[in-house]
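**Student:** The structure is given below, and queries will be raised subsequently.
The values are calculated or read from the model by the stated rules, or taken from the named source; none is laboratory data. All figures in this text were calculated on a predicted structure; none of them were measured in a lab. Positions of Cβ are backbone-derived with ideal geometry, glycine not excepted, and every protein chain shown enters the neighbour counts. Quick note on the areas: whole protein, heavy atoms, side chains included, nothing else; ligands and nucleic acids left out. Shrake-Rupley method; radii C 1.70, N 1.55, O 1.52, S 1.80 Å.
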Amino acid sequence: MGQLQERYKNYRVPQQYMEEGVYPYFREITSKQGPEVTMEGHQVLMFGSNAYTGLTGDDRVIAAAEKALLKYGSGCAGSRFLNGTLDIHVQLEKELAEFEHKDAALCFSTGFSVNAGVIPQLVGRGDYVICDDRDHASIVDGRRLSFATQLHYKHNDMEDLERVLKKLPHEAVKLIVVDGVFSMEGDLAKLPEIVELKHKYNCSIMVDEAHGLGVFGEQGRGVCHHFGLQDEVDVIMGTFSKSLASIGGFVASDWDTINYLRHTSRTYIFSASDTPAATAAAIEALHIIQEEPERIQHLWDVTNYALKRFREEGFEIGETESPIIPLYVRDSYKTFLVTKLAFDRGVFINPVIPPACAPQDTLVRFALMATHSKEQVERGVEILKQIFVEQGIIKD
């Protein structure tokens, strides 16, 4: 038996839940992503997707991807640094920079690789990187790859952030990295307060707009624009895998910073460039969300309806202000059980357990898309209420 096999032979957490019939992961979908999908042989309401704009199955996005596939082929067979830059990569970067009101932008193959490749290049030895306790795993890994001193503050606790900042040298480079929308709980970063602390303690700010783009701000530009603080945020990153119906990510900033990252970010230089189809799909989706404000308005209509209904039925939903609605269970096994029972009754939701949350904060994540109807939301709420009451999580 090899060393790795010996080390991991007793890893039985998934096996335990498999044996009990409540293992919720890796279910196979055999249809387009949409408000309803075919999964393991039957139709379910999809409330576990990050496709907030509902464009993953849009015919215009698919047609744009098909056209690029026929023109450029299936891949680029190289990195952007060498033979992998297409004219549509450059077009997308220019449009994203304009969209985010920044000088320039840089596209990566995934959103995760943006944070993993940008943060280590922005701060190094002698610098400081300060993160919210609930920042996304890609931010955590990005800070781990940096040689900067790594600090963190309690989730959305501005007093704790100031406690951290006041101890640091005024002239040192200090980068605060924060999610605009927190992906599990659905609440927003306290960006106005963070900007105040930026000026007080001479810091820079990087905001991850993965769950804000396509949802908040004028034409879906994100949380920075929602607060009118895009000029105060030094670096904005985003992903194509959610509201832009594709795969990939980007970073937008001033020209000098982007030029530096273009020549130093390892996940950019040493990764194959995004596929032609994925790039064209993102471009088309970006056009659609700017041309169809009613799409984002409908997303907010169904979001506000869902928030109202869950509160009326007695669910604990925390401080969410977004289409991400956490339904707290506060027990790991029951979280998996609720997920299974919901699936069996035609509702797909995502379980959230450690390390994605604290042990006492387990939840199921209910997320909305612009293509959901209020009738579908109501069905979801009613089914989940039945299950939560049956399991003693809420009262009837």
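**Student:** Look through 180, 220 and report the one residue that is in contact with a Ser or Thr (Cβ under 7 Å, 6 or more places away or on another chain) and of a type in the set (Gly, Ala, Ser).
**Tutor:** Being in contact with a Ser or Thr (Cβ under 7 Å, 6 or more places away or on another chain) and of a type in the set (Gly, Ala, Ser) holds for just one of 180, 220, which is 220.
**Student:** Restricting the search to the stretch 225-265, which residues are aliphatic (A, V, I, L, M) and in contact with a Cys (Cβ under 9 Å, 6 or more places away or on another chain)?
**Tutor:** Within the stretch 225-265, 233, 236, 251 qualify.
For (1) open to solvent by 20 Å² or more (accessible area, probe 1.4 Å); (2) in the same structural domain as residue 191 (by TED's automatic domain parsing); (3) in contact with a Phe, Trp or Tyr (Cβ under 7 Å, 6 or more places away or on another chain); (4) not in a helix (DSSP H, G or I), each residue gets a yes or a no:
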site	(1), (2), (3), (4)
285	no, yes, no, no
298	yes, no, no, no
317	no, no, yes, yes
327	no, no, yes, yes
334	yes, no, no, no
337	yes, no, no, no
378	yes, no, no, no
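**Student:** Evaluate the following for residue 241: is it within 23 Å of residue 138 (Cα to Cα), open to solvent by 10 Å² or more (accessible area, probe 1.4 Å), among the small types (Gly, Ala, Ser) and out of contact with any Leu (no Cβ under 8 Å at 6 or more places or on another chain)?
**Tutor:** yes
**Student:** A further question follows. Which residues, counting only those in the stretch 339-370, are among the hydrophobic types (A, V, I, L, M, F, W, C), out of contact with any Leu (no Cβ under 9 Å at 6 or more places or on another chain) and open to solvent by less than 30 Å² (accessible area, probe 1.4 Å)?
**Tutor:** Matches in the stretch 339-370: 343, 367.
**Student:** Restricting attention to the stretch 201-232, which residues are in contact with a Leu (Cβ under 8 Å, 6 or more places away or on another chain) and closer than 18 Å to residue 129 by Cβ?
**Tutor:** 201, 203, 204, 205, 206, 207
**Student:** Do any helices (runs of 4 or more DSSP H) lying entirely in the stretch 6-100 carry at least 1 residues that are modelled with pLDDT under 95 and open to solvent by 50 Å² or more (accessible area, probe 1.4 Å), and which ones are they?
**Tutor:** Fully inside the stretch 6-100 and qualifying: 13-19.
**Student:** If you don't mind, there's one more thing I want to ask. Failed condition for residue 118, given (1) of a type in the set (Val, Ile, Thr); (2) in a loop (DSSP other than H, G, I, E, B); (3) open to solvent by less than 20 Å² (accessible area, probe 1.4 Å); (4) at pLDDT 95 or above, with all others met?
**Tutor:** Exception for residue 118: condition (2).
Each row is one residue, and each column tells you yes or no for (1) in contact (Cβ under 8 Å) with a residue 40 or more places away in the chain; (2) in a loop (DSSP other than H, G, I, E, B).
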| position | (1), (2) |
| --- | --- |
| 167 | no, yes |
| 177 | yes, no |
| 183 | yes, yes |
| 196 | no, no |
| 213 | no, yes |
| 224 | yes, no |
| 231 | yes, yes |
| 236 | yes, no |
| 258 | yes, no |
